[in-house]
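Notes for the one structure printed next.
Rule-based calculations on the coordinates, nothing more; no lab input. Please read all numbers here as calculations on a predicted model, not as lab measurements.
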Amino acid sequence: MMNRVKNIIILIGILVFFILLFVINIPMPCLFKTWLGISCPTCGFTRSVQELLSGNIMNSLRYNILTIPLIIFVIVTFIYVFIDVINNTKNYITLMNKLLKKYWIVIFIILLIIMIINNIRVI
């Protein structure tokens with residue numbers, strides 16, 4: 001029962017985030033940039049998704065190169081968690097824990113490189 005509740009909360013969180021950001025179009029300033037004065041790895045993500053939804057793939061990639069992989073990740077996560085809700089399992093959380101234990105340094109390096117690129121291009 002607890003697995004199902006956690007998974008439903010994850011699904012609702014993903015939906016609310018995307019509805020607020022892209023349907024209602026509530027501007028969300030980057031707290032990282034506001035506090036530290038430098039761009040984070042996801043700076044430009046909102047503008048990038050808006051460009052992608054308009055069909056401007058190249059402009060989307062100029063705002064943030066991680067947009068397409070992140071969108072694919074969110075869609076796969078949503079589907080995986082939805083299946084976990086139906087089956088009342090926690091396969092997604094188990095998989096993510098294994099991946100993060102094994103590849104955290106690779107993820108960190110990729111995010112660091114993207115952050116450097118965002119700051120060089122002043123996004």
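The table that follows gives values for the structure above.
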item: Whole-Hz ³J(HN,Hα) from phi, Karplus 6.51 cos²θ - 1.76 cosθ + 1.60, for the range 68-77, glycine and proline x; result: 5, x, 5, 5, 4, 4, 5, 5, 4, 4
item: Highest-fluctuation residue, ILE26, ILE79, ILE93 considered, GNM on the chain with Cα pairs under 10 Å; result: ILE26
item: Diffusion coefficient, µm² s⁻¹, Stokes-Einstein with Kirkwood Rh over alpha-carbon pairs of the range 2-120 at 25 °C and 0.890 mPa s; result: 154
item: Most mobile of VAL106, VAL74, VAL49 in a GNM of the chain (Cα contacts under 10 Å); result: VAL106
item: Candidates LEU36, LEU70, LEU112, ranked by Gaussian network fluctuation over the chain, Cα under 10 Å, top entry; result: LEU36
